[in-house]
Amino acid sequence: MTARPPGSYASPMDSSGLAEQAALVALLRTRPGNLSWPELTTEVLEAGSAVEVWDRLVPAALIADPKEVTPQTAASEIQRWDAEGYRLVSILDPEYPARLRGIQQAPPVLFALGAIAVNDLGVSVVGSREASPQGIAMAAELAREFVARKLTVVSGLARGIDTVAHQAALEVDGRTVAVIGTGINRVYPSENRGLQEEIAARGLVLSQFWPDAPPQKQNFLMRNATMSGYGLATVVVEAGEHSGARTQARLAVEHGRHVVLTDQVVARTQWAQDLLGRPGVHVGSGVSSVLDIVEHLLTMWEELQRLVAS
C-alpha cells in the first residue's frame, strides 16, 4: 500500500483531535459495561466527546492493570497506524463522510487509504460474484457513465460485478471508493491486491474494522450497510437469491436511500420482488433506463441542496 508521511498529529491543533480519537478507540477496545459498539457510538454522539464518555464510564481508580487499554495506549496505537499510512477517521471528526454519519449503522471509526471527500457524490454498483458476461458488460458501462456524470463509483472490491465496476471507473480516470470487509491491512480476495493498491493511490479504500481483521461473513454484511449509507443510491446489476447485494438493497431502503434494481434481478429473485413498491425502489430495464433513473435522482439531490442553501 502507498503510505502517507507520518506526523499528522504533530501540531497543538491536532492534539485534541488525537485525544478524542484515542478515547473512542479505548472505548471500543474495552467496551465498558459490556456496551456494544452501536451503544457506545450513541453515547459519544450524544455527549459530543469520547473523552467525556470515557471519563464517565471508566473512572481512573478502576484502571489497575498496566496492560489495560487506555486512551494513552490507544493514542500510541493511532500514531503507529498513522506512521504505517492508515488514516483513522472517527465519527466525531469533520472529515467523516457526511451521508454515512446519518445512518443508524454508521461505523464509529473508519480506516482510510487515499483521498477522503466529505460530501462525496457516490453511487454503489453491486452484484453477483459469479457474474454473467451481460452483467459484467452492464456494470462496466454504468461505471463509465457515472464517471462521465462526475459521480463516484462505490463498490466492495469483491469478485465479479464489484471488481469490474472499480476497474471501469479507473480506466476512464474516475473516482472510485472500495469499502472492504476486512481490515485495511488485508486484501480479499487476494487476486485484487493490485486493484486495491491502485484504488488507494487514485481513489479511496475504506474499512470499518481493525487493520488486521480477517475476512468474516458478518464483516461483509456490515460493509454493505456502510456502502449503502455512503452514497446517494445503490444499483444492483445482477444478484442471486442470497447475494450480499440483497442485504445492501434492504438496508438502503431502511436508510432512506434509493435502490435501482435491474429487471433481471427482479425477474429472478423473490427478495427483489418483495421490495417493489417500497419508497425509493426503482426498476431499470437496461443501461439507458438505469442512467435515466440515476440522473433524475441526481437532479432531485441538486434541487434539495439549492433549497437548503437558499
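Every residue in segment 10-60 that is outside any helix (DSSP H, G or I), farther than 20 Å from residue 87 by Cβ and either modelled with pLDDT under 95 or not polar (S, T, N, Q) (or both), please. Selection gives 31, 35, 48, 58, 59. Scoring residue 137 on the criteria (1) within 30 Å of residue 268 (Cβ to Cβ); (2) assigned to a strand (DSSP E or B) leaves a single failure, condition (2). Of all residues in segment 238-279, those being buried (at least 16 other Cβ atoms within 10 Å of the Cβ) and either out of contact with any helix residue (DSSP H, G or I) (no Cβ under 6 Å at 6 or more places or on another chain) or not acidic (Asp, Glu) (or both) number 27.
Within segment 202-228, residues that are among the charged types (D, E, K, R) have Cβ atoms under 8 Å from residues that are in a loop (DSSP other than H, G, I, E, B) in these pairs: 202/175; 212/183; 212/185; 212/186; 223/156; 223/180; 223/181; 223/208, counting only partners at least 6 apart in sequence or on another chain.
Of the residues making up segment 121-144, those that are surrounded by 21 or more Cβ atoms within 10 Å (Cβ to Cβ), under 17 Å from residue 100 (Cβ atoms) and not β-branched (Val, Ile, Thr) are 122, 124. In a helix (DSSP H, G or I), assigned by TED's automatic domain parsing to the domain that holds residue 192, among the charged types (D, E, K, R) and surrounded by fewer than 18 Cβ atoms within 10 Å (Cβ to Cβ) - does that describe any residue in segment 215-234? So far as segment 215-234 goes, yes, one or more of its residues are in a helix (DSSP H, G or I), assigned by TED's automatic domain parsing to the domain that holds residue 192, among the charged types (D, E, K, R) and surrounded by fewer than 18 Cβ atoms within 10 Å (Cβ to Cβ).
So which of 84, 171, 95, 77 ends up being without any contact (Cβ under 8 Å) to a residue 60 or more places away in the chain, acidic (Asp, Glu) and assigned by TED's automatic domain parsing to the domain that holds residue 45?
The unique qualifying residue is 77.
Remark: pairs (first residue in segment 283-310, modelled with pLDDT under 95; second residue acidic (Asp, Glu); Cβ separation under 7 Å; 6+ apart in sequence or on different chains) = 285/263.
The values are calculated or read from the model by the stated rules, or taken from the named source; none is laboratory data. Owing to the predicted nature of the structure, the values given are computational and were not obtained by experimental measurement. Please note: Cβ atoms are built from the backbone with ideal geometry, for glycine as well, and neighbour counts cover all protein chains shown.
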